[in-house]
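The values are calculated or read from the model by the stated rules, or taken from the named source; none is laboratory data. Note that this is a predicted model, so its numbers are computed, not measured. Here the Cβ positions follow ideal geometry from the backbone for every residue, glycine too, while neighbour counts run over all protein chains shown.
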Amino acid sequence: MKNAVRIKNTSGGMTVYLDAQMEFEELLSEIGKKFGESAKFFGNVKTVLSLEGRELSEEEEARIVDVITLNTQLDIVYLLDKSQPVVAEQEPQQEVVVETVKELIPRNERVVFYKRCIEAGEIIRADKDLVVFGNVSEDAVVMSTNSIYIFGGLYGEAYAGIDNGDDYVIAAMDFMPEKIGIGRHEHQGKKVSRWIKKSAFDSKIAYVKDKKIVTDQITKELLNSLV
């Protein structure tokens, strides 16, 4: 069936729209075929997956993840669980978070933009504020003398304020780093399982407070207090 599987990439991950009527085994085959055809395009990156268009059991979700990883080099960090309500006070809508963070980015020439994912093994350094429109994959490193803003997932390492002190931040739409550093301070991330299911992106910002790195949910009030 035409368009039984449609794939849409976003800055925060990947959404797969599935036909609601097709038999699951046939649909599973279509998913493998679709992702296999686009494997080179997707590359070797860590991503968030959202499955939409039909009701799925946990076993079916697991089989879909297995088929995708078998036919590509993608590493599914977790499934976005849209069956759970999102409380605005606890999990700000992604669009609001994006616009809020954008307000922090300097409106001058002192910004370096990367409009792509930073892949495993890459080391990116900027002598200005660094903005990444895409994911920072596991085993990738981004560094900046100033602040770092990631409009995607942070799954590798990020170091802000290199040689410049502690007055900088690291913000990401999905914050699951291997390790981060701001100025002279470092913080080790937590290892996660191959894939888990979450109800929302974990948008956070890291900054230095009382001589240690702390992380908080991104809110307009917090950002205003940091600038």
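Taking the options V48, V5, V67, V16, name whichever one is within 17 Å of the chain's Cα centre (by Cα), at pLDDT 90 or above and not small (G, A, S).
On the way: V48 fails: at pLDDT 90 or above; V5 fails: within 17 Å of the chain's Cα centre (by Cα); V67 fails: within 17 Å of the chain's Cα centre (by Cα).
Going through V48, V5, V67, V16 in turn, just one is within 17 Å of the chain's Cα centre (by Cα), at pLDDT 90 or above and not small (G, A, S): V16.
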Original post:
Can you name every residue in the range 168-180 that is touching an Asp or Glu at 6+ places or on another chain (Cβ under 8 Å) and part of a strand (DSSP E or B)?
Top reply: D174, F175, K179, I180
**OP:** Report whether or not E178 is exposed (fewer than 15 other Cβ atoms within 10 Å of the Cβ), modelled with pLDDT of 90 or more and either within 26 Å of S50 (Cβ to Cβ) or not assigned by TED's automatic domain parsing to the domain that holds D75 (or both).
**Re:** no
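Name the residues in the range 158-167 that are over 16 Å from S203 (Cα atoms) and not aromatic (F, W, Y), would you? First the steps, then the outcome.
At the first step, the residues of the range 158-167 found to be over 16 Å from S203 (Cα atoms) are 159-167.
Matches in the range 158-167: A160, G161, I162, D163, N164, G165, D166, D167.
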Original post:
Within the range 16-39, how many residues are basic (K, R) and surrounded by 15 or more Cβ atoms within 10 Å (Cβ to Cβ)?
Top reply: 1
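Could you list all residues from the range 141-167 that are part of a loop (DSSP other than H, G, I, E, B) and crowded, with 24+ Cβ neighbours inside 10 Å?
Just the residues of the range 141-167 that are part of a loop (DSSP other than H, G, I, E, B), to begin with: 145-147, 155-156, 161-167.
Correct list: S147, Y155, G156, G161.
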**OP:** Would you confirm whether any residue within the range 45-58 is in a loop (DSSP other than H, G, I, E, B), in contact (Cβ under 8 Å) with a residue 60 or more places away in the chain, of a type outside the set (K, R) and touching a Ser or Thr at 6+ places or on another chain (Cβ under 8 Å)?
**Re:** yes
Original post:
Any residue at all in the range 192-207 that is within 29 Å of S50 (Cβ to Cβ), modelled with pLDDT of 90 or more and part of a loop (DSSP other than H, G, I, E, B)?
Top reply: no
